[in-house]
1. Suppose a student asked you for the relative contact order of the stretch 28-144, using Cα pairs under 8 Å spaced at least 6 residues apart; what percent would you report?
2. Fewest first, what order do 66, 83, 102, 283 take by the number of other Cβ atoms within 10 Å?
3. Sort out for me the Cα centre separation of the stretch 107-152 from the stretch 20-94, rounded to whole Å.
4. Which whole-number percent gives the relative contact order of the chain, counting Cα pairs below 8 Å spaced six or more residues apart?
5. Just round it to a whole percent: the fraction of Cα-Cα distances in the stretch 109-182 exceeding 21 Å.
6. So if a site counts as exposed when it's one of the trypsin sites (Lys or Arg not before Pro), its DSSP state isn't H, G, I, E or B, and it has at most 14 other Cβ atoms within 10 Å, what's the longest stretch of the chain without one?
7. If you project the alpha carbons of the chain onto their three principal axes, what span does each projection cover, largest first, in Å?
8. Return the Rg/Rh ratio of the stretch 26-98 with Cα-based radii and a Kirkwood Rh.
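Readers should treat all values here as calculations from the given coordinates under stated rules, not as data from a laboratory. These numbers were taken from a predicted model, which means no experiment stands behind them. Ideal geometry is used to build each Cβ from the backbone, glycine not excepted, and the neighbour counts take in all protein chains shown.
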Amino acid sequence: MEPSPLKNTALNDMKIIKDPRQMQEYALARRVEGKTIALVPTMGYLHQGHVSLMEHARPAADLVIVSIFVNPLQFGPREDLDVYPRDFEGDCRTCEQAGVDVIFAPQMSDIYPPEFQTEVSVSEVTRGLCGAHRPGHFNGVTTVVAKLFNLALPHKAFFGEKDYQQLVTIKRMVEDLNFPIEIIGVPIVREDDGLAMSSRNAYLSPAEREAALSLSHGLFRARELFEQGEKRSPILQQAVREAIREHAGQSCQLEYLAICDPDSLEEIEQVEKQAVIALAARVGKTRLIDNTLLSRESS
Ligand code: PAF
């Protein structure tokens, strides 16, 4: 069957499902009818990065489901769960305009009832990078994503490459646990000036936003050097650090900066063909992440 084209708000008859059991029954019924399902898991406060996930999902399946759930399990005790930005009405409009068929927006207590006691844990690819700085974070992500997969029953699921370690972790989980789901990574969407789109950008003051630009500028400078033939990770990393210092001074504090194998996420000293250069930084109180791929083939 031909996948449905991008739909228009007025023509669209988007459903909002809150009850997990109803979500599962609905997805199962559509599968019995022979329909294919694409899932875009989100925590809401949707921006162009999420819209790009929906745009990739729309032609890839008969039905597009967007889940909106701020997952407490992936936030640390001192993180921003309580203040995480939310705008359900705005999110509904965004989904409708992107031709989404179903929003799945469960309640916290329906996803994690008091007796809940199971966790999904991926051991190796979660060790470094964000995993080293956010204990428990990826167990929270894999646990909720496994549940969303069991409820929305997608054939394909779409994740942004901005959360590169999350994407690798979910691919590993899907392989290891034999989920019959294709995981599709979607390129980072950036503002015109290079800042990677993120719901957390909403926390930034104008001065902080300016400082935050140093992150993508640093990554781009390293990529340029790599394209000119530089292979040594310490030199590439130095270029990122210098760009951040020049542009943002002390306003931008790196939490980590690493050059890794794009599949195993192990750090590498020398980039032969491909690597991901990834960082996390604090700009004021806001923690931001960004990355870029270094690839000989594309250079
Ligand atoms: O990337 C996100 O927004 C979240 O980590 C996800 C995948 C929706 C799980 O809560």
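1. Values: 152 pairs, mean separation 33.3, N = 117.
The normalised contact order for the stretch 28-144 reaches 28 percent.
2. Numbers: 66 29, 83 9, 102 22, 283 25.
Exposure proxy ranking, most exposed first: 83, 102, 283, 66.
3. Cα centres, the stretch 107-152 to the stretch 20-94: 16 Å.
4. Working: 539 pairs, mean separation 50.9, N = 299.
Worked out over the chain, it gives 17 percent.
5. Working: 698 of 2701 pairs.
Summing the P(r) tail past 21 Å for the stretch 109-182 gives 26 percent.
6. Working: sites that count: 18, 78, 86, 127, 273, 285, 296.
Here the longest run is 128-272.
7. Extents along the principal axes: 55, 42, 38 Å.
8. 1.05
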